[in-house]
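Written below as structure tokens is the structure these notes are about.
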Amino acid sequence: MKKEAIQTDLPAIGLPFSWGIRLQNFVFLAGHGPLGPDGKVIDGDIRLQTRKTLVNFRKVVEAAGSSLEHVVSTTVYLKDLEDFRGMNEVYAEFFAAEPRPARATVRADLLFGMKVEIQGIAYVPGGESLQSPGRIRSPMAKKKKSKKAAKKKAYYAGRK
């Protein structure tokens, strides 16, 4: 099985992770926060930060060939559980259709002054690859193909 990193216009923030990874018909989304185009956390209350977080989350889901309708699970991390109601109001706008994703919400000491972070898993209907089959190959696959091609070439050269 081949993993594919999801490419979006989200800012690279210099940390060793991918915003999303697709494996066959599933997309595994990293924890997304309220990052602006400059890669910095936007200021604002929990509603504003949750909205920006889910906009960023949706970008990755859609870049993977899916939609919020196909998100099957999320984990919401809140810096302060008193913000649950405000986060939940905005979350319900993005996930309005039933069945909504399975969800856990936990309190966490979040980085960079974020009030909310959301990670998840989405299903990709159809499951077509984001990249053509020959576009990405491991060096090992090339070596095997090269050895096989060399043997075939030698076999046919010897038959002449």
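Read-outs throughout are calculated quantities, based only on the coordinates presented, and are distinct from any laboratory measurement. Treat the numbers as computed from the prediction; the structure is a model and nothing was measured. Positions of Cβ are backbone-derived with ideal geometry, glycine not excepted, and every protein chain shown enters the neighbour counts.
Details
- When each of 2/52; 2/59; 52/79 is checked by Cα-Cα distance, pairs over 27 Å: 2/52
- Most to least packed among 36-43, 115-122, 60-67, 21-28 [average Cβ atoms within 10 Å]: 115-122, 60-67, 21-28, 36-43
- The range 1-117, dipole about Cα centre (Lys/Arg Cβ +1, Asp/Glu Cβ -1), debye to the nearest 20: 280 debye
- Listed by chain and number, the aspartates and glutamates whose alpha-carbon sits under 15 Å from that of residue 3, ignoring those within fewer than 8 places in the same chain, are 128.
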